[in-house]
Amino acid sequence: MLSNDARLYQILFLSLFLGVGIVARDWSLQPVMIGALIATCCCVQWSAAIQISAPFIQSLPSALVTSLGLSLLLRADHVVTLMLAGTLAILSKFCLRVQDKHIFNPGNFGIVAVLTFTQDAWVSPGQWGEEGWYVLLFLSAGGLVLGRIGRWDTSIAFLASYAGLEAARNFWLGWTWDVWTHRMMSGSLLVFALFMITDPRTVPNARIARIIWAGAIALLTFYLRNFWFISTAPFWALFSLAPLTILLDRVFLGDRFIWHKSWHKSSSELVKTDVANELLSVS
Amino acid sequence: MKLFRILLITCFVSLMSLLITTKAWAFCGFYVAKADAKLYNQASQVAIARNGNRTVLTMANDYQGEVKDFAIVVPVPVVLQENQVQISDSKIVERLDAFSAPRLVEYFDPDPCAQIWQTEDSLRAPSAASAQRAAPQQSNGALGVTVESQFTVGEYDIVILSARESGGLETWLTQNGYRIPQGARQLLQPYIRQRLKFFVAKVNLEEYETSGYQSLRPIQIRYESPRFMLPIRLGMVNAQSAQDLIVYILSPQGQAEVTNYRTVKVPSDAEVPLYVKEEFSDFYKSLFATVYSREGKNVAFVEYAWDMAGCDPCSAEPLTPDELRQAGAFWVTPETPQNVFLTRLHVRYTRDRFPEDLVFQQTNNRESFQGRYILRHPFTGESTCSAGEDYQRSLSRIFEQQAQTLARLTGWQIQEIREKLPQVQSHFIPWWRRLVQALFG
């Protein structure tokens, strides 16, 4: 049933974050841009669904999750840039696939694409600040969604690996520990760890593979941030290592995730995939 | 390659600073004086012009102590040679300050009875270690300190050091007449381990006396590095109170922002009572203190962000291409169109709320913003129509709104504000009175 779909919780929480960001975080987001992004994602999803003769309604939540995620993370001067990001994000689900699985996280793909190919987009890693209240909000909301999806391991593996690496660096450099805490309390890092990296349609199927994969992303994030001085390191790390999923799925066998069955099926059950549905279910 | 280029563009330049004198005085702790008001007790001004990885950093210096006591230690990402260091004109930073400072604007209400409504607006200008002369120091292998280069530029003697450990660097500095504030040694270590170099400058008294300048001029350094960072930790070693830092970032792209703290716009476009004109400095100080507390004391504020090609309204003449080049915008040439986006960031930092150095990024955000506060002069002439009557009636409500806005922005007592509001006097003459006047004179 659609009402049991974990994506509805994602939509609810992403909308909540967007509202909090606009009201309490001084984001200069224009409603028309958010509206255009949502409309674009839905239209592209609808067009693509028609092309493969698949039902649109079941895939609508995925388009909404992608558009809300992009609204949260991506900024641009012109609405066309955001629409381009939305279009590429949705198309990546249909065009870049291996064994009926998306190679890239759609939102991540859209962000990286417009950062690379346009001179108009940017990401603001400091937009959430480092307040404890937001940390709790993100952890609670992320926990609810991930509890339904059964992909907590990915977030934990990423955050634990990244925290460990940063702690080791902090210790070696001799910084006081509030530097480490400040880095780990970043709202943007938590949103990434809880809502982007965990997309069940792009993570490896087996738990051990997910842990290896998340650890590798944490390592690359750490490297890019501290040695290449890239503030948007998590997005580049996820983009670079997303294709590793294909390899890991071949090495480690595991069950494949299907959104609309996530409520009824435990993650350990092997689910027979319905290709038509799976083509659409993406976040 | 495209990916790599994008990655590099988003990289940063690191720079950090430390003052080593007997006083608890640090770079990023300079006093800034502006126009007719010295707004902040402890403030530093830094201009960073950056295009790709190429950076020109100007450290403004309004040092008030004995010139012979002046000394700074600024960690830099690369070894600087003599041709990468120069002395800048103090006026350039003053120009940047005046051009980007929060401003008051005035509007005059028109005659509500006039058929053609004309607005007149005019702009009111914004009130808007003792380091002894170091003996020539050779690299000291035992201390792990290497003198990478050594030269004199303008009134400054400059040494570029690299170090292997903080104890050795501390010893070297002490041996050469610098006194390190207590607690600085532990903070030097992280920078040494990140392989940063140390830019050490003190005043060459002979050169200073022959130069004829009354104050120390800004030091400008040029280098290429992916690090885009400004140090504040060392400046807080002995700081007892919050310090103000104003950073002017000149970019060919768009707005700059801080990536490891929130970047927030200061409240703007607020209509305030007329008497604020006489106390604009106090007003802005209170406003900033209020918003600083409200935002949790750990954010960077944008006070100005605008393409240098224009301004509306201008609080000062825009910088000329020549002045922009002096400010470090090396990509500006007389032949090419002026392409400089200026961001003015104001950070008030304390040790407990800002544990990490500031990291910046340039964005493609071309949105214009300015801290702007509006004075609205009511129409004081006689009104002879019903619209005039409505206007007169509305004045008390407008004044009250302005008072509440001012109280909200500054935290001032609403009652005290109300006492300073102008008294509303009706200039409306009813029709029957006009008739009587016409008949009987």
**Request:** Take the residues in the range B:191-228 that are in a loop (DSSP other than H, G, I, E, B) and under 28 Å from B:GLY65 (Cα atoms), then tell me which one is farthest from the other protein chains (Cβ to nearest Cβ).
**Result:** B:GLY212
**Message:** Can you name every one of the helices (runs of 4 or more DSSP H) wholly within the range A:176-237 that holds 3 or more residues which are more than 11 Å from chain B (Cβ to nearest Cβ) and surrounded by fewer than 24 Cβ atoms within 10 Å (Cβ to Cβ)?
**Reply:** A:207-227
**Message:** Can you confirm whether B:VAL302 is within 14 Å of chain A (Cβ to nearest Cβ), farther than 22 Å from B:GLU94 by Cβ and among the hydrophobic types (A, V, I, L, M, F, W, C)?
**Reply:** no
**Request:** With the checklist (1) within 14 Å of chain A (Cβ to nearest Cβ); (2) crowded, with 22+ Cβ neighbours inside 10 Å in hand, flag the one item B:ASP244 doesn't pass.
**Result:** (1)
**Complete:** Within the range B:79-105, the count of residues that are more than 23 Å from B:PHE288 (Cβ to Cβ), surrounded by 19 or more Cβ atoms within 10 Å (Cβ to Cβ) and of a type in the set (Val, Ile, Thr) comes to 2
**Prompt:** Mind checking whether some residue in the range B:386-401 is modelled with pLDDT of 85 or more, of a type outside the set (Lys, Arg) and in contact with a strand residue (DSSP E or B) (Cβ under 9 Å, 6 or more places away or on another chain)?
**Reply:** yes
**Prompt:** Hey, among B:PRO267, B:PRO318, B:PRO313, which residue is farther than 25 Å from B:PRO231 by Cβ, within 14 Å of chain A (Cβ to nearest Cβ) and not in a strand (DSSP E or B)?
**Reply:** B:PRO267
**Prompt:** Can you tell me how many residues in the range B:155-178 are under 27 Å from B:ARG217 (Cβ atoms), at pLDDT below 90 and surrounded by fewer than 19 Cβ atoms within 10 Å (Cβ to Cβ)?
**Reply:** 1
**Request:** Working only within the range B:179-224, note down all residues that are more than 30 Å from B:LYS91 (Cβ to Cβ) and either at pLDDT 90 or above or basic (Lys, Arg) (or both).
**Result:** B:ARG179, B:ARG185, B:GLN189, B:PRO190, B:TYR191, B:ILE192, B:ARG193, B:GLN194, B:ARG195, B:LEU196
**Asked** Just wondering, is there one or more residues in the range A:134-150 that are crowded, with 23+ Cβ neighbours inside 10 Å and either more than 25 Å from A:MET184 (Cβ to Cβ) or modelled with pLDDT of 85 or more (or both)?
**Response** no
**Asked** Of everything in the range B:286-303 that's crowded, with 16+ Cβ neighbours inside 10 Å and part of a helix (DSSP H, G or I), which residue is nearest to the chain's Cα centre (by Cα)?
**Response** B:PHE288
**Complete:** Going through the range A:114-131 in order, the residues found to be at pLDDT 90 or above, touching a strand residue (DSSP E or B) at 6+ places or on another chain (Cβ under 9 Å) and among the hydrophobic types (A, V, I, L, M, F, W, C) are A:VAL114, A:LEU115, A:ALA121, A:TRP122, A:VAL123
**Asked** Before we move on, is A:VAL135 within 14 Å of chain B (Cβ to nearest Cβ) and among the hydrophobic types (A, V, I, L, M, F, W, C)?
**Response** yes
**Asked** Considering the range B:54-77 alone, what residues qualify as being surrounded by fewer than 17 Cβ atoms within 10 Å (Cβ to Cβ) and either part of a strand (DSSP E or B) or at pLDDT 90 or above (or both)?
**Response** B:ARG54
**Prompt:** What's the number of the condition A:ARG151 fails, among (1) within 14 Å of chain B (Cβ to nearest Cβ); (2) touching an Asp or Glu at 6+ places or on another chain (Cβ under 9 Å)?
**Reply:** (1)
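Scan the range B:347-382 residue by residue and report those that are touching a helix residue (DSSP H, G or I) at 6+ places or on another chain (Cβ under 6 Å) and within 14 Å of chain A (Cβ to nearest Cβ).
Selection gives B:ARG351, B:PRO355, B:GLU356.
The values are calculated or read from the model by the stated rules, or taken from the named source; none is laboratory data. Source: prediction; values computed, not measured. Using ideal geometry, Cβ is built from the backbone for each residue, glycine included, and neighbour counts are taken over all protein chains shown.
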